[in-house]
Amino acid sequence: MARVVVRNLNKMFDGVHAVKNVNLEINDKEFVVLVGPSGCGKTTTLRMVAGLESITSGEILIGDKVVNELPPMDRDIAMVFQNYALYPHMNVYDNMAFGLKMRRFGRAEINARVQAAAEILGIQAQLQRKPRQLSGGQRQRVALGRAIVRHPKVFLFDEPLSNLDAKLRVQMRVEIKKIHDRLGTTAIYVTHDQVEAMTLGDRVVVMRDGVVQQVGEPLELYNAPANRFVAGFIGSPAMNFATVKIVADADGPPWAHSEGIRIKLPAEFADRLRRYVGEEVTLGIRPEDLRVASSSDPTDLAFDALVEVVEKLGSEILLDVRVGPSTMAAAVEPTVQAKVRDQLRLALNPDRLYFFDGVSQAAI
Amino acid sequence: MIEGAKWRRWVFFYIPLGAFILTLLFPFYWMMVTAVRPDNELYRPWSAPNYAPFWTTHPTLDHIRYLLQETLFNTWMLNTLLISIAATLISLACGLLAGYALSRLKFRFAGLLGTAIFITYLVPQTLLFIPLADIVRNFRLGDTPWALILTYPTFLIPFCTWLLMGYFKAIPRELEECARIDGAARWQAMLYIIFPIAVPGILSAGIFAFTLSWNEFIYALVFLSSPAEKTVSVGVTSELIRGDVFYWGSLMAGALLGSIPVAFVYSFFVEYYVAGLTGAVKG
Amino acid sequence: MAVSDLATTSDTYAGSARRWPITRLLEDERWLAFVLLLPTMVVLGLFIAYPFVKGVLLSVTDAKVGVPGSFVGMQNFVLLLNDSIFRVAVWNTVVYTAVTTVFKLALGLWLALLLNRHFKGKALTRAFILLPFIIPTVLSTFAWKWMFDPTFSVINWTLFRFGLIGSRINWLGDPNLALISVIIVNIWRGVPFYAISLLAGLQTINPELHDAAAIDGARPWQRFWYVTWPLLLPVTMVVVLFSVIQTFADFQLVYVLTGGGPANATQLFATYAYQIGVGTGLLSQGAAISLAMFPVLFVVVIAQLLYIRRVETL
């Protein structure tokens, strides 16, 4: 069994509380992605699982065994680094065989495993070459191969695709997913790129400032973010936010009100937000949930916008618009005719509104 | 290249450079000529009309022959070679280990020890030679090569440590971390991953240490007394001078031949030597 | 072999997980550091720290060769302060160090600037230039001694031929000239070290900075003063630090050329310590002379280290 359990994990660096009470349960064969901005503690957490950083408090269990005191060499894990970390003085074969040699495997066994892994990754022709003779993509494959031959309990990935160019990154992403499906080894993957997180993860853990913000399947995070940070982090282009005041007269329906926005809250939100009447909350709308209003759209679910920038991507058009004093982004159909300085009316999708508490930023 | 008129190139570049090269290399030429000049030509006062300094018409190998057959020169060369190699190896080993510890490991006294090692490098041999002579005698090492093999590392180790630290710092941490995850213990990662990558640094440190050992004088002068134990520098100084009489021909031959091993090693590894020198200076 | 059958647990340790207990101990950074640093500490402790302490102790006794002395306090140092030869040695050493450093720096810098250009045979030239520094000091100094010999000097001959002198110059025997001669040899030996080190420093300066300065209208001399020199300062300070220490404590050059004479005209700390301690066997006084170097060296080192730190944090 290769479950990984992290319990009440804390890490202090020179007075900085980098990882705060992190709790995670990663199931066998699961591919879990830790995602968040720089400094959020995701890499530190990964390194503590690897044994490269000491643990200030808490426990880490790999396969139901507490590994806090075990050095990396005894934890039966493999790691793929951002800069590949290939041993420059050894050829590809020796790079991949190194871990097995350290564990005193026999030559025949080593050869069998290296050849098998090379075949999976398509690098049989490179086995005698040195790392400096390989391209970035090939190096990353060797780094993967080095991890695969070990048959570890857990794979750890530390932003492995960050050094590759955009096209290669997409390619390797698919490869990693295929390899995971084939091998079925538990994997923990760290990245700051939410696209990688969404596409690769069985579950995604969003972190910020050392605290886990939300854990869930990718679509869960997209459709039901637990707080404003997660809502703004997942999805590209990022969700638009506006501070609105909830107003209601007597028993009338509540409205969300700010300069430039006057929206009548749909029924399901009306109940949830009733207790916020008179207070300010954050309204969140994804750019892809905005569209140019047509005559059939209700007027109380739309607002005026002034076009400032038009970006035509082919598959959609991104509009940067000014709504009241602030700006928003809208991703609209490619057939929309809009020019800079046009006045538009943008309609919302009533099912796709998000509200966040003005103080705690938690989802309402 | 200097742009502009040709005369500018000559005045500002070729002539000064030429002057430097001439001045720096002339004494070696003089060494060579003197070593093969017969005595009658040698001992001709400069005011004499037939003083022809820059070449000789009757080169002779007498001085060299005298040196190799009538003196202990060969023994001195052997002594110096053995001592230099042994001291270099000891210093490299210590420097490798210490350099790794100071640059890659985190422990409480790292900064303090690093500074301490740096400071010992700044303590010159001429400050310590008198009490050290006493200590050498007490350890029963006096007049043996071991007196030097064990004391030379005092100025070689700090240099090697410092130089290798520079090379180690340039090696990414991830290589060691990956090795440790792959199954290597810390010391295995150090030995199988870090050291092989630092080979250029090891060569530079080794070459520089070798030349420094060969060049050392005062410890060799004070700790060794028997003619058969002496190093080249000391032997040439003490044995080729009888009272006030200098055997210049053989002296120069000795100086020349005594320089050859170092020049030889240096010529093969110039790049490493320069890397060592500049590495130490750039810190 | 089909990789799909990866039962991940037991076969990983088909090799061996046996480790010697000492390996586990050495996994701890602090223990490993201790073990790695031990040989170095032993050598340095035994042959630098111990002699240093012993030297201090010696200097406050009246020990001679074969006679373990008794404690005499600062008597040796008082003796030295009243010793005219010692005062001459101090003065000589200071002059020797200061003059040679200035010239070595100036000439070394000039040579480095010359070598910083591209020309045919540059690598070869650079290799040959270092020879005075590579060749054992004693041996190359003998060549100079021969060149300075009053009767047979080739330098005299050359100067005579150019009509610059009429009678001989006794480079090493004339008390007024001896120190100058020794200084000349030291400069000769040290210029390559300065040149190569400063050259390395020059090569780390981004050439675009010179281009930018030139476009801004700076003449070559100004470019040097405002762009090159400040950026070269850290390297320069380190080189000067090493050089000052070595020169201050220099022994070989003077020992070979003049032995300290004539009439103590070239006596330095190190040669005087040798003469007194080893020559006449007055160990404690010799130790005192050696130790007298330490305060000056200490101040110089601290001053330069502070300066380097300040320059580097710019």
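Could you grab the pairs with beta carbons closer than 9 Å, sequence gap of 6+ or different chains, first residue in segment A:319-346 and at positive phi, second one assigned to a strand (DSSP E or B)?
Close Cβ pairs satisfying both conditions: A:Gly324/A:Ala242; A:Gly324/A:Ser258; A:Gly324/A:Ile261; A:Gly324/A:Phe303; A:Gly324/A:Asp304; A:Arg341/A:Leu306; A:Arg341/A:Val307; A:Arg341/A:Glu308.
Under 8 Å between Cβ atoms, which residue pairs at least 6 apart in sequence (or on different chains) link something in segment B:145-173 that is farther than 22 Å from B:Val274 by Cβ with a partner that is of a type in the set (Val, Ile, Thr) and not in a helix (DSSP H, G or I)?
Close Cβ pairs satisfying both conditions: B:Leu148/B:Thr231.
State which residue is nearest to the other protein chains (Cβ to nearest Cβ) when the search covers only segment A:22-70 and only residues that are on the phi > 0 side of the Ramachandran plot and surrounded by fewer than 22 Cβ atoms within 10 Å (Cβ to Cβ).
A:Gly63
Would you please name the residue that is farthest from the other protein chains (Cβ to nearest Cβ), looking only at residues in segment C:153-183 that are touching a residue at least 24 places away in the same chain (Cβ under 8 Å) and part of a helix (DSSP H, G or I)?
C:Asn176
With the structure loaded, tell me whether B:Ile260 is surrounded by 20 or more Cβ atoms within 10 Å (Cβ to Cβ), assigned to a helix (DSSP H, G or I) and β-branched (Val, Ile, Thr) or whether it fails that test.
It is false that B:Ile260 is surrounded by 20 or more Cβ atoms within 10 Å (Cβ to Cβ), assigned to a helix (DSSP H, G or I) and β-branched (Val, Ile, Thr).
Find the residue count for segment B:139-186, including only residues that are of a type in the set (Phe, Trp, Tyr) and in contact with a Ser or Thr (Cβ under 7 Å, 6 or more places away or on another chain).
So the answer is 2.
Give segment C:116-133 a look and list any residue that's within 9 Å of chain B (Cβ to nearest Cβ), closer than 17 Å to B:Phe269 by Cα and out of contact with any Ser or Thr (no Cβ under 8 Å at 6 or more places or on another chain), or say none.
C:Ala123, C:Thr125, C:Arg126, C:Phe128, C:Ile129, C:Leu130, C:Leu131, C:Phe133 - these are the residues of segment C:116-133 that are within 9 Å of chain B (Cβ to nearest Cβ), closer than 17 Å to B:Phe269 by Cα and out of contact with any Ser or Thr (no Cβ under 8 Å at 6 or more places or on another chain).
Out of the residues in segment C:134-152 meeting the condition of being free of Cβ contacts under 8 Å to residues at least 40 places away in the same chain, at the interface with chain B (Cβ under 7 Å from one of its Cβ atoms) and surrounded by 17 or more Cβ atoms within 10 Å (Cβ to Cβ), tell me which one is farthest from B:Val265 (Cα to Cα).
Ranking the candidates gives C:Phe152 first.
Here is a list: B:Phe139, B:Phe210, B:Phe195. Which entry is surrounded by fewer than 24 Cβ atoms within 10 Å (Cβ to Cβ) and either more than 14 Å from chain A (Cβ to nearest Cβ) or free of Cβ contacts under 8 Å to residues at least 24 places away in the same chain (or both)?
Result: B:Phe139 is the single residue among B:Phe139, B:Phe210, B:Phe195 that is surrounded by fewer than 24 Cβ atoms within 10 Å (Cβ to Cβ) and either more than 14 Å from chain A (Cβ to nearest Cβ) or free of Cβ contacts under 8 Å to residues at least 24 places away in the same chain (or both).
Test of understanding: among C:Leu253, C:Leu232, which residue is over 30 Å from C:Trp144 (Cα atoms), in a helix (DSSP H, G or I) and within 13 Å of chain B (Cβ to nearest Cβ)?
C:Leu232 is the lone residue from the list that is over 30 Å from C:Trp144 (Cα atoms), in a helix (DSSP H, G or I) and within 13 Å of chain B (Cβ to nearest Cβ).
Across segment C:96-152, what is the total count of residues that are modelled with pLDDT of 85 or more, in a loop (DSSP other than H, G, I, E, B) and within 16 Å of B:Met252 (Cβ to Cβ)?
2
Looking at segment B:185-205, can you tell me whether even one residue there is closer than 30 Å to B:Ala263 by Cβ and either aromatic (Phe, Trp, Tyr) or not assigned by TED's automatic domain parsing to the domain that holds B:Asn79 (or both)?
Scanning segment B:185-205, I find at least one residue that is closer than 30 Å to B:Ala263 by Cβ and either aromatic (Phe, Trp, Tyr) or not assigned by TED's automatic domain parsing to the domain that holds B:Asn79 (or both), so the answer is yes.
Which condition breaks for B:Thr237 when tested against (1) in contact (Cβ under 8 Å) with a residue 40 or more places away in the chain; (2) part of a helix (DSSP H, G or I); (3) under 24 Å from B:Ala147 (Cβ atoms)?
Evaluating B:Thr237 over (1) in contact (Cβ under 8 Å) with a residue 40 or more places away in the chain; (2) part of a helix (DSSP H, G or I); (3) under 24 Å from B:Ala147 (Cβ atoms) leaves (1) as the failure.
Mind listing just one residue for me: the one in segment B:72-115 that is more than 23 Å from B:Trp162 (Cβ to Cβ) and crowded, with 19+ Cβ neighbours inside 10 Å and, of those, nearest to the other protein chains (Cβ to nearest Cβ)?
B:Thr80
Applying the selection to segment A:90-110, what residues are closer than 19 Å to A:Ile123 by Cα and either in contact (Cβ under 8 Å) with a residue 12 or more places away in the chain or in contact with a Phe, Trp or Tyr (Cβ under 7 Å, 6 or more places away or on another chain) (or both)?
Those that are closer than 19 Å to A:Ile123 by Cα and either in contact (Cβ under 8 Å) with a residue 12 or more places away in the chain or in contact with a Phe, Trp or Tyr (Cβ under 7 Å, 6 or more places away or on another chain) (or both): A:Met90, A:Asn91, A:Val92, A:Tyr93, A:Asn95, A:Met96, A:Ala97, A:Phe98, A:Gly99, A:Leu100, A:Ile110.
Can you pull out the strands (runs of 3 or more DSSP E) entirely within segment A:115-234 that have at least 1 residues that are closer than 21 Å to B:Gly183 by Cβ and either more than 15 Å from the chain's Cα centre (by Cα) or outside the structural domain of A:Val32 (by TED's automatic domain parsing) (or both)?
In segment A:115-234, the matching strands (runs of 3 or more DSSP E) lie at A:154-158, A:186-191.
Out of the residues in segment C:278-290 that are under 23 Å from the mean Cα position of the chain (by Cα) and at the interface with chain B (Cβ under 7 Å from one of its Cβ atoms), state the one that is farthest from C:Phe52 (Cα to Cα).
By that ranking, first place goes to C:Gly286.
Conditions tested, residue by residue: (1) polar (S, T, N, Q); (2) within 19 Å of the chain's Cα centre (by Cα); (3) modelled with pLDDT under 90.
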| position | (1), (2), (3) |
| --- | --- |
| B:Leu92 | no, yes, no |
| B:Gly99 | no, no, no |
| B:Ala116 | no, no, yes |
| B:Leu132 | no, no, no |
| B:Ala170 | no, no, yes |
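In segment A:285-308, how many are crowded, with 17+ Cβ neighbours inside 10 Å and not aliphatic (A, V, I, L, M)?
The number of residues fulfilling the criteria is 6.
If we keep just the residues of segment C:258-281 that are among the hydrophobic types (A, V, I, L, M, F, W, C) and surrounded by 22 or more Cβ atoms within 10 Å (Cβ to Cβ), which is farthest from C:Val185 (Cα to Cα)?
Checking each candidate, the answer is C:Ile276.
Considering B:Leu24, B:Leu42, which residue is free of Cβ contacts under 8 Å to residues at least 40 places away in the same chain and either out of contact with any Pro (no Cβ under 7 Å at 6 or more places or on another chain) or within 30 Å of C:Leu241 (Cα to Cα) (or both)?
Selected residue: B:Leu24, the only one of B:Leu24, B:Leu42 that is free of Cβ contacts under 8 Å to residues at least 40 places away in the same chain and either out of contact with any Pro (no Cβ under 7 Å at 6 or more places or on another chain) or within 30 Å of C:Leu241 (Cα to Cα) (or both).
Could you name every one of the helices (runs of 4 or more DSSP H) located completely within segment C:13-76 that has at least 3 residues being at the interface with another protein chain (Cβ under 7 Å from one of its Cβ atoms) and at pLDDT 85 or above?
C:29-44, C:50-59
Just the residues that are touching a helix residue (DSSP H, G or I) at 6+ places or on another chain (Cβ under 6 Å), farther than 16 Å from C:Ala106 by Cβ and facing chain B (nearest Cβ under 8 Å), please, taken from segment C:191-221.
Across segment C:191-221, the qualifying residue is only C:Ala200.
Out of (1) in contact (Cβ under 8 Å) with a residue 40 or more places away in the chain; (2) within 9 Å of chain C (Cβ to nearest Cβ); (3) surrounded by fewer than 19 Cβ atoms within 10 Å (Cβ to Cβ), what's the single condition that is false for B:Val232?
Every listed condition holds for B:Val232 apart from (3).
Test each condition in (1) closer than 30 Å to C:Trp221 by Cα; (2) crowded, with 21+ Cβ neighbours inside 10 Å; (3) modelled with pLDDT under 85 for C:Val191 and report the one that comes out false.
The one condition C:Val191 does not meet is (3).
With a cut-off of at least 3 residues that are within 28 Å of A:Leu219 (Cα to Cα), name the strands (runs of 3 or more DSSP E) lying wholly within segment A:256-364.
Where strands (runs of 3 or more DSSP E) fall fully within segment A:256-364 and carry at least 3 residues being within 28 Å of A:Leu219 (Cα to Cα), they are A:280-285, A:290-292, A:302-312, A:317-323, A:326-332, A:343-348, A:354-357.
The values are calculated or read from the model by the stated rules, or taken from the named source; none is laboratory data. Everything quoted here is computed from the prediction, not taken from an experiment. Because the Cβ atoms are built from the backbone with ideal geometry, glycine has one as well, and the counts that use them run over all protein chains shown.
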